[in-house]
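Q: Just passing along the structure, written as C-alpha cells.
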Amino acid sequence: MLRRRMAAVAGGRLPAAYQEVEWIGCSAGGPYINTGLYPTSEWKITGNFRMEAAPAYTAYIFGVKQGSNKVLEFYGNSNNLAYKNTSSGASVLNCGSTDTSWHSFEAAEKTMKIDSTTYTSSSFGGITSITNPLLLLGTFQASGAITGGNTGREIKEIFIENENGVLVGDFVPCYRKSDNAIGMYDLVTNAFLGNSGSGSFTKGSNV
C-alpha cells in the first residue's frame, strides 16, 4: 500500500508554497511536530531515521504517553534503540545499537523492524482510547508535559496507518517558502505542520 502511495504522489507533490527536503532534524530548544493523530497499539508507523551521534539523553523519533501506563514511543540513547507499545508502562523492546547511519523502521503492535531485522515482544499491545496526540521528534511525559526534540536525530517521510490499514498520515519533510519555516506537510489532510515546540528544526537538501 505504501509503495503504491509513494508512486502515486511522486514528483511535484507539494503545493507551490512549500519545498520538499530530504529530512528534518532537531536543533537545541525542543522542537516537535504534533500530528493531531490519536493512535492505538494496532497502528503501523513507517519511515527512516538517523541519529546524528549516539546521544547521552533520550532522543525521540516519535512518541505519545498518557499517564505512566499507555506508552507508544521509539527513541535512541547512548547505547541502543528502544520501542514501547504498551498499556502497562514497563515493557521496553531493545532494537539494536545506536549509530549514525540512516535506517528504515516499521513499528507495529508487537514488533519493530529496523532495516531487515524484526524485534518482537509478546507483551506489547492494549493501548486504546488515548487522548494525547502522537508527536514526531518528541513525546509526552507521564505528567502531561511535552518533551520536544534536542540535537541528535533526523527523520525522512513518515507514513501512519490505522488498525484497518488505512493511511491516516503521510508526513513529508519540507519548508514554507514565504518564511522558511521548517516542518512536515501531511499529504492525507493537505496541511502544513510546523514546529509546535520551542527552538528550531534543521533540514536537508531540496528534493
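Bear in mind that the values in this text are calculations on the coordinates, not laboratory data. This structure is a prediction, so every number in the text was calculated from the model and none was measured. Here the Cβ is made from the backbone with ideal geometry for all residues, glycine too, and neighbour counts use every protein chain on show.
Q: Output needed for the chain: three equivalent-ellipsoid semi-axes, defined as square roots of 5 times the C-alpha gyration tensor eigenvalues, in descending order, whole Å.
A: Values: eigenvalues 122, 71, 56 Å².
After scaling each eigenvalue by five and taking roots: 25, 19, 17 Å.
Q: Additional query: Just how large is the dipole of the chain about the Cα centre, in debye to the nearest 20, putting +1 at every Lys and Arg Cβ and -1 at every Asp and Glu Cβ?
A: The dipole magnitude comes to about 80 debye.
Q: A further question on this structure: So if we plug the beta-carbon distance of residue 202 and residue 113 into 1/(1 + (r/R0)^6) with R0 = 30 Å, what FRET efficiency do we get, rounded to 0.05? Mind showing how you got there, number by number?
A: Details: r = 27 Å, r/R0 = 0.89.
The value I calculate is 0.65.
Q: A follow-up question, please. Reachable lysines from residue 70, Cα under 30 Å, same-chain residues fewer than 8 places away excluded?
A: Filter leaves 44, 84, 110, 113, 156.
Q: When the chain is fully extended, how far beyond the present Cα-Cα distance does residue 78 get from residue 92, taking 0.36 nm per residue of separation? Display every interim value, and only then the final one.
A: Values: separation 14, 0.36 × 14 = 5.04 nm, distance 1.58 nm.
Taking residue 78 through residue 92 to full extension adds about 3.5 nm, to one decimal.
Q: Going Cα to Cα from residue 203, which aspartates and glutamates come in below 15 Å? Please leave out same-chain ones fewer than 8 positions away.
A: Those aspartates and glutamates meeting the cut-off are 20, 22, 52, 154, 157, 179.
Q: How high is the FRET efficiency from residue 58 to residue 22, r the C-beta distance, R0 25 Å, rounded to 0.05? Show your work: numbers first, answer last.
A: Working: r = 25 Å, r/R0 = 0.99.
After rounding to 0.05, the efficiency reads 0.50.
Q: Have a look at 71, 188, 172 and tell me which one the Gaussian network model of the chain (Cα, springs below 10 Å) gives the largest fluctuation.
A: Per the Cα network of the chain with a 10 Å cutoff, 188 tops the list.
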